[in-house]
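Notes to accompany the following structure.
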Amino acid sequence: MSKLKIGMMMLSGALAFASCKGTTSGTTDGKEKAASGYSKDFKVEAEAFADLQLLRYEVPGWDELTLQQKTLAYYLYEAALCGRDIYYDQANIHGLTLRKTIETIYTTYKGDKNSEDWKKFMEYAGRFWFSTGNHHHYSKDKFIPECSEEYFKSLVKNSDTTKLPLEQGENVDAFLTRIHAPLYDMSYMPKMVDLRAGVDNIANSSNNFYEGVTQKEVEAFYNNPALFPHSDREPEWGLNSKVMKDASGKLIEKVWKQGGMYDAAITKMVSWLEKAVTVAENEAQKKALSLLVEYYKTGDLKKWDEYNIAWTADTASRIDASIGFIEVYNDAIGKKGSYEAVVSLKDLETTKIVSKIASEAQWFEDNSPLMPEHKKKQVKGITAKGITVIVEAGDAAPSTPIGINLPNSDWVRKEHGSKSVSLTNIVHAYNESSKSSGMLEEFVDGKEDMDRIKQYGSLASDLHTDMHECIGHASGQINPGVGTPDKTLKNYASALEEARADLVALYYIMDKKLVDIGVMPSLEVGKAEYYNYMMNGLMTQLTRLKLGDKIEEAHMRNRALNAYWVYEKGKKDNVVELIKKDGKTFVKINDYNKLRTLFGELLKEIQRIKSEGDFNAGKNLVETYGVKVDPVLHKEILDRYAKLNTKPYKGFVQPRLVPVMNGDKITDVKIEYPTSFYEQMAEYAKGYSLLPVKN
């Protein structure tokens with residue numbers, strides 16, 4: 001509910017550095033200042049395969065850190081990577097079995113590694129690692145190897161079979177029979193997250209958050225006040241557990257904690273976090289990290305709230321981390337948190353700019369188009385900063401957010417505030433890799449729009465991210481007595497929340513307030529973002545779908561919902577058009593002010609839906625505007641995109657932290673930048689395989 005992933009058509013970054021932050025004018029000098037610390041000869045691109053481009057990112061500012069800060073970062077880095085196995089198991093019950101099989105082949109196969117079949121296996125391995133399993137990281141559709149099953153069997157038999165995840169007494173042939181369905185049967189567990197209307201979203205989802213239970217049973221389980229009491233300060237019930245039935249048929253939770261499910265990984269993670277406590281930068285950070293340790297030891301979600309309150313209060317530390325079961329996108333009913341970790345250091349220059357937005361949070365709330373009863377009377381504790389990512393893991397890697405706002409608990413946000421961050425070095429790497437993609441030239445029509453995007457697009461994109469995370473997710477309030485969105489809006493909660501946060505950003509990026517506080521030079525920045533957003537939502541994000549597919553991913557649904565709703569509602573006044581030139585479709589915006597008014601009207605309605613828990617209205621919005629795809633337009637967009645030399649999805653090889661030791665004492669921590677995603681996956685398999693294949 002708080003993570004902004006990069007969109008397919010972030011054209012704003014195609015020809016510029018990550019941001020114009022560090023200046024109030026948005027000039028080229030500002031871009032150079034914001035991008036300082038990056039090496040001109042650093043190669044951003046790594047391997048590319050299938051629909052994926054791997055990138056690398058630098059960590060400017062690392063050498064400025066003290067030994068204590070570097071040591072803290074190293075301990076948090078190790079803690080983060082210790083949870084890697086957890087996400088594989090959460091994604092699918094067969095995830096660790098298949099991964100260990102692939103790792104065995106990759107590291108020990110003794111046959112020909114130059115054949116076309118081997119190349120097909122390597123592509124499958126890369127896709128599997130990128131998606132943390134055999135369901136596409138974005139579409140959540142199952143994929144299988146392009147090499148034949150007979151060839152795959154030969155790979156297994158010509159590898160070191162002692163390293164395979166065999167069951168007690170199982171031989172290799174029996175093992176290959178057992179993994180046939182998860183590996184090659186497209187009808188078996190075909191969708192990791194199934195958000196279709198009118199089906200059992202839990203039973204039809206292939207993730208490992210639930211086992212042997214129906215959606216109706218799970219909803220009744222969590223609506224039982226004796227087990228999960230409802231209050232205005234209730235924890236995120238169900239966030240850190242798997243739901244299944246005991247021997248008597250009663251629903252139970254297997255809690256992810258030390259001594260519970262995922263014990264081996266969490267115990268190792270806790271040991272690193274306990275070391276981090278000893279080198280915390282200040283008392284506030286020490287308190288937060290200590291509470292995080294207690295949470296992992298107990299699994300108590302009230303302790304998770306205590307940690308989040310303490311973590312939100314720590315605004316002074318240079319090193320920071322979010323490590324936990326956090327985002328619920330991979331649960332169709334929005335309860336279970338996927339493991340993720342982001343370890344970072346504060347980008348001091350960018351923080352100066354984004355803090356200006358956070359300091360005006362009350363003004364934005366007071367002047368929003370929301371109904372008065374849905375506005376917060378007092379916005380508390382919003383802090384915003386730019387961060388330089390050091391390492392990411394779990395659901396944050398290799399495919400990463402570009403902006404994050406945490407914590408997710410509505411009551412904690414309301415009473416204690418939140419932290420909003422922009423991942424500046426990630427965006428920088430994205431932008432560097434997109435300079436020659438050709439997307440602008442293919443999908444933008446008209447010199448005026450092209451020039452505006454080239455001049456202001458990067459800044460516009462950054463401001464949208466900042467407003468989405470810092471103001472958007474933190475705005476509005478739920479009416480007293482109304483349940484949390486996972487209960488009221490169910491499988492539509494994530495898409496509606498992302499739509500709401502986007503609309504806040506869109507409404508204010510055409511407001512002179514952002515000029516007055518010095519974060520953008522003129523409303524031309526807002527126009528650049530409006531064009532980019534409408535083009536993405538109406539057209540270019542469709543490059544991420546196969547012909548004939550509907551939209552299912554929450555962020556894509558959100559963008560389509562917002563774009564198509566204002567397009568339809570503005571038809572009478574010709575606010576936005578889809579025009580044809582030489583057989584190609586382009587977006588044309590005729591009235592930016594009316595478009596802003598429409599964004600405001602939709603924001604008001606989606607906030608009402610959230611505040612009142614209006615499931616039917618939310619469902620109607622998403623299903624009407626956020627799911628369906630025009631097949632003729634879709635084919636056109638795919639054909640045009642296929643001519644460009646670019647991949648629709650990008651992700652990252654992570655930096656490596658290496659301690660310099662004098663006996664058992666750390667004297668320095670060096671940072672290295674691996675060049676191969678494949679070799680990093682083999683390295684991680686060797687160093688962080690902490691869980692059994694069955695948990």
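The values are calculated or read from the model by the stated rules, or taken from the named source; none is laboratory data. Just so it is clear, the model here is predicted, and its values are computed rather than measured. Ideal geometry is used to build each Cβ from the backbone, glycine not excepted, and the neighbour counts take in all protein chains shown. For the accessible areas, the whole protein counts, side chains as well, though only heavy atoms, and no ligand, DNA or RNA atoms are used. Shrake-Rupley method; radii C 1.70, N 1.55, O 1.52, S 1.80 Å.
Considering only residues that are more than 21 Å from Ser475 (Cβ to Cβ), open to solvent by 10 Å² or more (accessible area, probe 1.4 Å) and part of a helix (DSSP H, G or I), which ones fall in the range 508-531?
Listed by number, the residues that qualify are Glu524, Lys527.
Anything in the range 300-317 that is part of a helix (DSSP H, G or I) and open to solvent by less than 50 Å² (accessible area, probe 1.4 Å)? List them, or say none. Even if it seems obvious, please write down each step before you answer.
Within the range 300-317, the subset part of a helix (DSSP H, G or I) is 301-313.
Leu301, Lys303, Trp304, Asp305, Tyr307, Asn308, Ile309, Ala310, Trp311, Thr312 - these are the residues of the range 300-317 that are part of a helix (DSSP H, G or I) and open to solvent by less than 50 Å² (accessible area, probe 1.4 Å).
Determine whether Tyr684 is touching a residue at least 60 places away in the same chain (Cβ under 8 Å), under 29 Å from Leu561 (Cα atoms) and part of a helix (DSSP H, G or I). Talk me through it step by step, then tell me what you get.
Working: touching a residue at least 60 places away in the same chain (Cβ under 8 Å): yes; under 29 Å from Leu561 (Cα atoms): no; part of a helix (DSSP H, G or I): yes.
Considered against the rule, which asks whether it is touching a residue at least 60 places away in the same chain (Cβ under 8 Å), under 29 Å from Leu561 (Cα atoms) and part of a helix (DSSP H, G or I), Tyr684 comes out as no.
Of the residues Val632, Val622, which single one is buried (at least 18 other Cβ atoms within 10 Å of the Cβ) and either closer than 13 Å to Ala560 by Cβ or over 24 Å from the mean Cα position of the chain (by Cα) (or both)?
Details: Val632 fails: buried (at least 18 other Cβ atoms within 10 Å of the Cβ).
Matching residue, one of Val632, Val622: Val622.
Go through Asn425, Asn408 for me and flag whichever is polar (S, T, N, Q), within 19 Å of the chain's Cα centre (by Cα), farther than 20 Å from Lys513 by Cα and not in a loop (DSSP other than H, G, I, E, B). Full working, then the answer.
Values: Asn408 fails: not in a loop (DSSP other than H, G, I, E, B).
Only one candidate qualifies: Asn425.
Charged (D, E, K, R) and surrounded by fewer than 18 Cβ atoms within 10 Å (Cβ to Cβ) - does that describe any residue in the range 77-90?
First, pick out the residues of the range 77-90 that are charged (D, E, K, R): 78, 84-85, 89.
Those left that are additionally surrounded by fewer than 18 Cβ atoms within 10 Å (Cβ to Cβ): none.
Within the range 77-90, not a single residue is charged (D, E, K, R) and surrounded by fewer than 18 Cβ atoms within 10 Å (Cβ to Cβ).
Quick check on Gly583: is it more than 30 Å from Arg127 (Cα to Cα), open to solvent by 10 Å² or more (accessible area, probe 1.4 Å) and over 24 Å from the mean Cα position of the chain (by Cα)? Step through it out loud before you land on a result.
Values: more than 30 Å from Arg127 (Cα to Cα): yes; open to solvent by 10 Å² or more (accessible area, probe 1.4 Å): yes; over 24 Å from the mean Cα position of the chain (by Cα): yes.
Answer is yes for this residue.
To keep it simple, each residue is scored yes or no on (1) modelled with pLDDT under 95; (2) in contact with a Ser or Thr (Cβ under 8 Å, 6 or more places away or on another chain); (3) part of a helix (DSSP H, G or I).
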position	(1), (2), (3)
Ser322	no, no, no
Glu340	no, yes, no
Ala384	yes, yes, no
Thr388	no, yes, no
Glu415	yes, no, yes
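Taking the residues in the range 566-580 that are open to solvent by less than 30 Å² (accessible area, probe 1.4 Å) and of a type outside the set (Gly, Ala, Ser) as candidates, determine which candidate is nearest to Thr624 (Cα to Cα).
Initial filter on the range 566-580 (open to solvent by less than 30 Å² (accessible area, probe 1.4 Å)): 566, 570, 575-576.
If we keep only those that are of a type outside the set (Gly, Ala, Ser) too, we end up with 566, 575-576.
On the way: Val566: 13, Val575: 20, Val576: 19 Å.
Here the residue is Val566.
Please verify whether Phe121 is assigned to a helix (DSSP H, G or I), within 28 Å of Asn330 (Cα to Cα) and touching a residue at least 40 places away in the same chain (Cβ under 8 Å), treating the condition exactly as stated. Lay out the reasoning, then the answer.
Numbers: assigned to a helix (DSSP H, G or I): yes; within 28 Å of Asn330 (Cα to Cα): yes; touching a residue at least 40 places away in the same chain (Cβ under 8 Å): no.
For Phe121, the condition - assigned to a helix (DSSP H, G or I), within 28 Å of Asn330 (Cα to Cα) and touching a residue at least 40 places away in the same chain (Cβ under 8 Å) - is not met.
Hey, Ile202 hits all of (1) part of a loop (DSSP other than H, G, I, E, B); (2) in contact with a Ser or Thr (Cβ under 9 Å, 6 or more places away or on another chain); (3) more than 20 Å from Lys335 (Cβ to Cβ) but one; which does it fall short on?
(3)
Out of the residues in the range 289-323 meeting the condition of being free of Cβ contacts under 8 Å to residues at least 40 places away in the same chain and small (Gly, Ala, Ser), tell me which one is nearest to Lys487 (Cα to Cα). Walk me through how you get there before you give the answer.
Step one: filter the range 289-323 for residues free of Cβ contacts under 8 Å to residues at least 40 places away in the same chain, giving 289-296, 300, 303, 306-307, 310, 314, 316-317.
Still in the running and small (Gly, Ala, Ser): 290, 310, 316-317.
Working: Ser290: 31, Ala310: 26, Ala316: 35, Ser317: 35 Å.
Looking at residues that are free of Cβ contacts under 8 Å to residues at least 40 places away in the same chain and small (Gly, Ala, Ser), I get Ala310.
Tell me, which helices (runs of 4 or more DSSP H) wholly within the range 564-651 include 3 or more residues that are touching a His at 6+ places or on another chain (Cβ under 9 Å)? Give the steps one after another, and end with the answer.
Numbers: elements: 592-612, 615-625, 631-642.
Ranges flagged: 592-612.
Is there a residue in the range 192-215 that is surrounded by fewer than 16 Cβ atoms within 10 Å (Cβ to Cβ) and of a type in the set (Asp, Glu)?
Checking the range 192-215: at least one residue is surrounded by fewer than 16 Cβ atoms within 10 Å (Cβ to Cβ) and of a type in the set (Asp, Glu).
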